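Inspection log for the structure reproduced underneath, given as structure tokens.
The values are calculated or read from the model by the stated rules, or taken from the named source; none is laboratory data. Please read all numbers here as calculations on a predicted model, not as lab measurements. Note: ideal-geometry Cβ built from the backbone for every residue, glycine included; neighbour counts use all protein chains shown.
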Amino acid sequence: MVVGVVIVGAAWLGGCGGGDDAGRPEVDPAPQETRDPAAAYVGMTKRAAIAAAEADGRPWRIGREDDEQFLVTQDFIEDRVTFEIDDGEVTKATLG
């Protein structure tokens, strides 16, 4: 009796694989949004980037401005943005 159920179950599952996929939508396994949100600040002036971060409710700090490197803490704050600035323009922004 058990053998009959296993054979029927195996035959039923065998009919599930392969076949015509024309009716199924294609699925893209890649995430829809992969852009780094900190990248939006790159190219802004120092003042505009700070204002934008504050408008976004995002904590910010300056890690480097021109040739001056600033001491920054090593604590991880997920939404904090750290700016690197050259000639008054944000050239790099990172989160964390």
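Taking the condition of being in a loop (DSSP other than H, G, I, E, B) and buried (at least 16 other Cβ atoms within 10 Å of the Cβ), how many residues in the stretch 37-59 meet it?
First, the residues of the stretch 37-59 that are in a loop (DSSP other than H, G, I, E, B): 42-44, 56-59.
Keeping just the survivors that are buried (at least 16 other Cβ atoms within 10 Å of the Cβ) gives 44, 58.
Total satisfying the criteria: 2.
Is it the case that ILE62 is of a type outside the set (Gly, Ala, Ser), at pLDDT 95 or above, assigned to a helix (DSSP H, G or I) and surrounded by 12 or more Cβ atoms within 10 Å (Cβ to Cβ)? Please lay out each step first, then the result.
Working: of a type outside the set (Gly, Ala, Ser): yes; at pLDDT 95 or above: yes; assigned to a helix (DSSP H, G or I): no; surrounded by 12 or more Cβ atoms within 10 Å (Cβ to Cβ): yes.
Considered against the rule, which asks whether it is of a type outside the set (Gly, Ala, Ser), at pLDDT 95 or above, assigned to a helix (DSSP H, G or I) and surrounded by 12 or more Cβ atoms within 10 Å (Cβ to Cβ), ILE62 comes out as no.
Please tell me if ALA10 is at pLDDT below 55 and either of a type outside the set (D, E, K, R) or outside any strand (DSSP E or B) (or both).
Details: at pLDDT below 55: yes; either of a type outside the set (D, E, K, R) or outside any strand (DSSP E or B) (or both): yes.
Yes, satisfied.
Can you pull out every residue in the stretch 65-84 that is surrounded by 10 or more Cβ atoms within 10 Å (Cβ to Cβ) and within 18 Å of GLY96 (Cβ to Cβ)?
Taking the stretch 65-84 first, the residues surrounded by 10 or more Cβ atoms within 10 Å (Cβ to Cβ) are 65-66, 69-70, 72, 77, 79-84.
GLN69, PHE70, VAL72, ILE77, ASP79, ARG80, VAL81, THR82, PHE83, GLU84 - these are the residues of the stretch 65-84 that are surrounded by 10 or more Cβ atoms within 10 Å (Cβ to Cβ) and within 18 Å of GLY96 (Cβ to Cβ).
Taking THR34 and the conditions (1) surrounded by 10 or more Cβ atoms within 10 Å (Cβ to Cβ); (2) at pLDDT below 95, which numbered condition does it fall short on, given that it satisfies the others?
(1)
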